Structures are given as C-alpha cells and as structure tokens.
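Here, each number is a calculation from the coordinates, and none is a lab measurement. Just so we're clear, the structure is a prediction, and the values are computed from it rather than from any experiment. Cβ placement follows ideal geometry from the backbone for every residue including glycine, while neighbour counts extend to all protein chains displayed.
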Amino acid sequence: MSSLLFYTDENEAIVATDTLLHYSVDTPPGFTSKTFAIPHMRMIIAATGSALLFNRWIGLVNYQGASLNVDAVDAHATEALQSLWGELNAQFPALHQQTATVYHFGLSDDAGVIHGFAYRSESDFRSERLKYGLGHKPKLVDRTGIDWNAFPHSAPEIMRAQARQEDEKVKDRVYIGGSVQVTHLTKSGFSTYSLGELD
C-alpha cells in the first residue's frame, strides 16, 4: 500500500489514497480501496503497508456489536493489532519483510471533535495521537510548486510528485498509481469521491 494523505481539524477528517496494489515485480499489479468508512461508528480506517492486515482489521472493527467511537476503539487497538499481526506473521512468513501502519480518524463521543490515531508495526502498534493539520506518507522531500492549501483538490498533484520521488529509488520503493480516492468525514456524515486517474 502506498500514498496516504490526510487533513484533520476539530470538525473534519479528509483522507486521500491511491488505489494501486503492488506486491512485487513478479506479481501483476491490481487495485484496491485503502480507506474504509464505518458510518455507525463515525470513523475512517486507512492503512499503508500490509493489505492483509488492513483487510482483517476492518473486519474486526466493523464487527463490534456495540456502537463504539474512535476513542473507545483506541483503548483496545494496540493489543488487538499486536495479536492480529502475530497471528498473520505466523500464518504468512512473507509478512516478516513488510511493515504496516493503521490510521483511525473519527468523531469522539466525549470531546465532540475529530480525533486521529496511528498504529505502526515498527512501534509495536503503540497508539500515537495525530496532530491536526495535513499529513502525508511517504514524506515528500521536494514540495516545490504544490498548492498544499488546496487539499484535497491538490491530492493528485501531491501523489504524482510522490510517485516521481519513489521511481528514483533503487530499494524500499513505494508504488503509487491507479486513481485518487477521497473519504471526507464531518460531524454531519461522510462523502466519498474520486479525483481521477494518476497514470
């Protein structure tokens, strides 16, 4: 999984991803959604890295019987992700060479504002509260000429710059492509839309 862009403030979360699914040079690429909206929880889940972890995690969170919120999920996410990652690594040895980061964005029932969290395999999925503002992964070294204030409309431009940067790498390259998909959460609900093709 590859490009993830997000903007949060107290009132909204906007998450943009590409759709390219790339396992290796020996495997033909495919396409997938990299964000998942859970309306009854007023929450968005997104991820980079292992698609397998992301898909299993969506199922676990969505299956919750009680109507939880982003803060209630955060209280148990670290332990649950550690357990799931351990199970998947035992079942699929190739995962030992991968990393994964899961992102949660949602409306807090207690505070009444948007909260964001990241859980990184490299940090044993320890909960990391995200600051408000614009975040992007992979980090873009040369940000010249991009209208960052126009996000999410500048998302295709940002992703193309990320793709050019990654294309120059010999190792640890991130593959970015397909289309740009945006999920937007406000206190009144969700919208999901496409900003067109990257290729």
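Worth pointing out:
- Spin-label model, Trp148/His40: points 7 Å from Cα along the beta carbon direction are separated by 3.9 nm.
- Each stretch of four or more DSSP H residues adds -39500 (n - 2.57); spread over every residue of the chain, this sum gives -8000 deg cm²/dmol at 222 nm.
- Projecting the Cα atoms of Met43, His76, Val113 onto the charge dipole of the chain (Cβ charges, centred on the Cα centre) puts His76 farthest toward the positive pole.
- FRET efficiency estimate (nearest 0.05) - Cβ-Cβ, Ala90 to Ser194, R0 30 angstrom: 0.20
- Across the chain, Cα pairs under 8 Å and at least six residues apart give a relative contact order of 29 percent.
- Excluding the site residues themselves, the longest part of the chain lacking any chymotrypsin sites (Phe, Trp or Tyr not before Pro) in a DSSP loop with at most 13 other Cβ atoms within 10 Å is 64-199.
- Rough spin-label spacing in nm, given labels placed 7 Å along Cα→Cβ, for Asp109 and Tyr132: 2.4
- Projecting the Cα atoms of Gln162, Leu195, Ala16 onto the dipole axis of region 4-197, where Lys and Arg carry +1 and Asp and Glu carry -1 at the beta carbon, places Gln162 farthest toward the positive end.
- Assigned charges on the beta-carbon of Lys, Arg, Asp, Glu; region 3-84 dipole about Cα centre (debye): 300
- A simple spin-label model places the labels of Asp172 and Asp124 2.2 nm from each other, with each point 7 Å out along Cα-to-Cβ.
- Given +1 at the Cβ of Lys and Arg, -1 at the Cβ of Asp and Glu and no other charges, the dipole of the chain around its Cα centre is 120 debye to the nearest 20.
- The trypsin sites (Lys or Arg not before Pro) of region 154-199 meeting both criteria, a DSSP state outside H, G, I, E and B (loop) and at most 13 other C-beta atoms within 10 angstrom of the site's C-beta, are Lys169, Lys171, Lys187.
- Structure-derived mean projected area of the Cα convex hull in nm² - corresponding label in [x] 12.2; [y] 10.6; [z] 11.2: [z]
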